[in-house]
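Down below is the structure, laid out as structure tokens.
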Amino acid sequence: MNIFRLVGDLSHLLAIIILLLKIWKTRSCAGISGKSQILFAIVYTSRYLDLPNFVSMYNTLMKIVFIAASYATVYLIYMKFKATYDHNHDTFRVEFLVLPSFVLALLINHDFTVLEVLWTFSIYMESVAILPQLFMVSKTGEAESITSHYLFALGSYRALYILNWIYRYTTEDHYDLIAIVAGIVQTVLYCDFFYLYITKVLKGKKLQLPA
Amino acid sequence: IESVVTHDEL
């Protein structure tokens, strides 16, 4: 554990809490892509099947929180606050993300076993899981500030992991090429959003895309 | 030989 990973994990946790609180407090999931949230639930489920392999208390606890929170979010969007779900704008074709991620996991993995292929699938899937949400923001041309904070925290987490991987490579000689390449792809997808967040949201303006 | 890849990150 190093500072980059710890702050990355906390940023990830913060993102999940921000989203749950936003939906709960406003009793609405307007502007949130249910499809991205389903993809995240799939990501955590397929990645944390290794839960019985004990690494640390911290690790186990965080995994349980991420799985539980992702299902709670999906429940709030598709059941409890279903009436507020903006499905007309949530039209990204997720099969174009799920199928290629799965095929790639079958082809490029560390070990051809069920658990390992599913872990690899979850890494590829996570790198693109935010696309339905970003697509929704670009389609409506705007995002509430709280949604922007959520996206910023979520995007920062993988960027911080990249620093963690550089640190681990130099100090422990440890590296995982699959995670690194997917993590870079994931972070790059947020770059456009990061730019808008820094130039607009942090200056008190609403995140609005030029018409 | 059992080769298990360990993933210690989240």
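Within this structure, residue A:119 passes the test of being among the aromatic types (Phe, Trp, Tyr) and in contact with a Lys or Arg (Cβ under 6 Å, 6 or more places away or on another chain). Within the span defined as segment A:80-102, one or more residues are free of Cβ contacts under 8 Å to residues at least 24 places away in the same chain, crowded, with 16+ Cβ neighbours inside 10 Å and within 30 Å of residue A:174 (Cα to Cα).
Search segment A:50-63 for residues being loosely packed, with under 15 Cβ neighbours inside 10 Å and within 11 Å of chain B (Cβ to nearest Cβ), and hand back the single one that is nearest to residue A:25 (Cα to Cα).
A:61
Taking the stated definitions as given, is residue A:59 touching a Ser or Thr at 6+ places or on another chain (Cβ under 8 Å) and under 17 Å from residue A:123 (Cβ atoms)? Against the criterion (touching a Ser or Thr at 6+ places or on another chain (Cβ under 8 Å) and under 17 Å from residue A:123 (Cβ atoms)), residue A:59 does not qualify.
Residue pairs whose Cβ atoms lie under 8 Å apart, separated by 6 or more positions or on different chains, with the first residue in segment A:14-29 and among the charged types (D, E, K, R) and the second surrounded by 14 or more Cβ atoms within 10 Å (Cβ to Cβ) and part of a helix (DSSP H, G or I), are A:22/A:146; A:22/A:147; A:22/A:150; A:27/A:84. Looking only at segment A:31-49, residues that are under 17 Å from residue A:123 (Cβ atoms) and either surrounded by 18 or more Cβ atoms within 10 Å (Cβ to Cβ) or of a type in the set (Phe, Trp, Tyr) (or both) come to 10 in all. I'd like to know if segment A:147-165 contains one or more residues that are out of contact with any Lys or Arg (no Cβ under 6 Å at 6 or more places or on another chain), of a type in the set (D, E, K, R), within 14 Å of another protein chain (Cβ to nearest Cβ) and surrounded by 13 or more Cβ atoms within 10 Å (Cβ to Cβ). The answer is yes, given that some residue of segment A:147-165 is out of contact with any Lys or Arg (no Cβ under 6 Å at 6 or more places or on another chain), of a type in the set (D, E, K, R), within 14 Å of another protein chain (Cβ to nearest Cβ) and surrounded by 13 or more Cβ atoms within 10 Å (Cβ to Cβ). Taking the listed residues A:112, A:92, the one that is over 30 Å from residue A:140 (Cα atoms) and either at pLDDT 95 or above or outside any helix (DSSP H, G or I) (or both) is A:112, with no other qualifying. When restricted to residues that are charged (D, E, K, R) and part of a helix (DSSP H, G or I), segment A:135-184 contains 4.
The values are calculated or read from the model by the stated rules, or taken from the named source; none is laboratory data. Just so it is clear, the model here is predicted, and its values are computed rather than measured. Cβ atoms come from the backbone with ideal geometry, glycine included; neighbour counts cover every protein chain shown.
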